[in-house]
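Structure, as structure tokens:
The values are calculated or read from the model by the stated rules, or taken from the named source; none is laboratory data. Predicted, not measured: the structure shown is a model, and the values here were computed from it. Glycine gets a Cβ as well: all are built from the backbone with ideal geometry, and neighbour counts include every protein chain shown. Accessible surface areas use protein heavy atoms only, side chains included; no ligands, DNA or RNA. Shrake-Rupley method; radii C 1.70, N 1.55, O 1.52, S 1.80 Å.
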Amino acid sequence: MSLTSKSLIKDLLKKYKARPLKRLGQNFLIDKSVLQKIIESANLHSKDIVLEIGPGVGILTQEITKRVKKVITIEKDQKMVEILKETLKDFKNIEIIQEDVLKSNIQNLISNIQYKIVANLPYYIVSPVIRKFLELPEARPLEMVLMVQKEVAQRICARPPKMSILAVSVQFYAKPEIISFVSKKSFWPQPKVDSGIVKITPKTTLQRTGLCKLFFKIVKAGFSHPRKQIVNNLSKMLKLNKEKIRKWLLKNGIEPIQRAETLTVKDWLKLTRNWYKI
Ligand code: SAM
């Protein structure tokens, strides 16, 4: 029987004296067509190594494990890990790690191998997880296929004038795209909001660490008050004379009265590269 069956999930939880924990974002996927969409988007091959974050009872894990060379799963909840040992017992190509993904040392886990990430993420770790994996200097994934809240998917893929720090951060390191929106009815227990599948493909060229630090310092300053004019935010947060900031913006084709939400990643990069000419 497929693990997308609500009654089977309920039986498994009952057997292991577990219940869906809200604080860990445990909303299990119960829709086969959505499961299929995630698998198709990840474009899995028999040589792939996949890291799955938050496997739950193993709904996605089973389908991924059938198709690839190896799956490494990181699950925080010990009860889920006990259940996974049962639902994945027929597979030899799986490693189950009980850990908080935000605390785990990914470089140790995935050293010198190319891998993909597939995950139905609890909402509270979406931004830190994306940041953690995109910022890894030598262990970035080939791609990430993530189920996130619909609004977060839209924010990640936004364009000016709807940019945010999240959009700039992701688009600085990668190319994100929305694959599909998913109804909240596709999960049990049903969450309050709909979801979306996003595919995030990291860029192959890496910027220098020094440039990245300066880039994010400027971006954070620019977004300090997103509704205010960029010249005021930058001058205040970077502690520089307003006239100097005005000239620097104009030289880079940006109107001082613009809001941070209207700038592209290219605009922020131009500003960063020309910082020393200020
Ligand atoms: N993959 C399953 C599915 O699609 O039905 C479960 C997804 S559920 C939305 C999120 C899973 O992430 C839960 O199993 C939860 O226990 C796990 N989780 C929550 N926080 C975590 C963390 N910090 N590190 C690792 N796993 C976590």
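A few notes on this one:
- Condition broken by ALA174, with the remaining ones in (1) under 20 Å from SER195 (Cα atoms); (2) surrounded by 16 or more Cβ atoms within 10 Å (Cβ to Cβ); (3) touching a strand residue (DSSP E or B) at 6+ places or on another chain (Cβ under 6 Å) satisfied: (1)
- Looking only at the stretch 250-272, residues that are under 31 Å from the mean Cα position of the chain (by Cα) and either within 19 Å of LYS175 (Cβ to Cβ) or assigned to a helix (DSSP H, G or I) (or both) come to 13 in all.
- Unmet requirement for ILE254, which otherwise passes all of (1) open to solvent by less than 50 Å² (accessible area, probe 1.4 Å); (2) in contact (Cβ under 8 Å) with a residue 40 or more places away in the chain: (2)
- Each residue in the stretch 222-251 was checked for being surrounded by fewer than 18 Cβ atoms within 10 Å (Cβ to Cβ) and among the small types (Gly, Ala, Ser), and 1 of them qualify.
- The listed residues are VAL81, VAL50, VAL71, and the only one of them that is over 13 Å from ALA119 (Cα atoms) and either in contact with an Asp or Glu (Cβ under 7 Å, 6 or more places away or on another chain) or open to solvent by less than 10 Å² (accessible area, probe 1.4 Å) (or both) turns out to be VAL81.
- Listed by position, the helices (runs of 4 or more DSSP H) contained in the stretch 102-187 that have at least 2 residues being within 16 Å of the ligand (Cβ to nearest atom) are 106-109, 126-134, 150-156.
- Any hit, the stretch 18-41, residues being on the phi > 0 side of the Ramachandran plot, open to solvent by 40 Å² or more (accessible area, probe 1.4 Å) and touching a helix residue (DSSP H, G or I) at 6+ places or on another chain (Cβ under 9 Å): no
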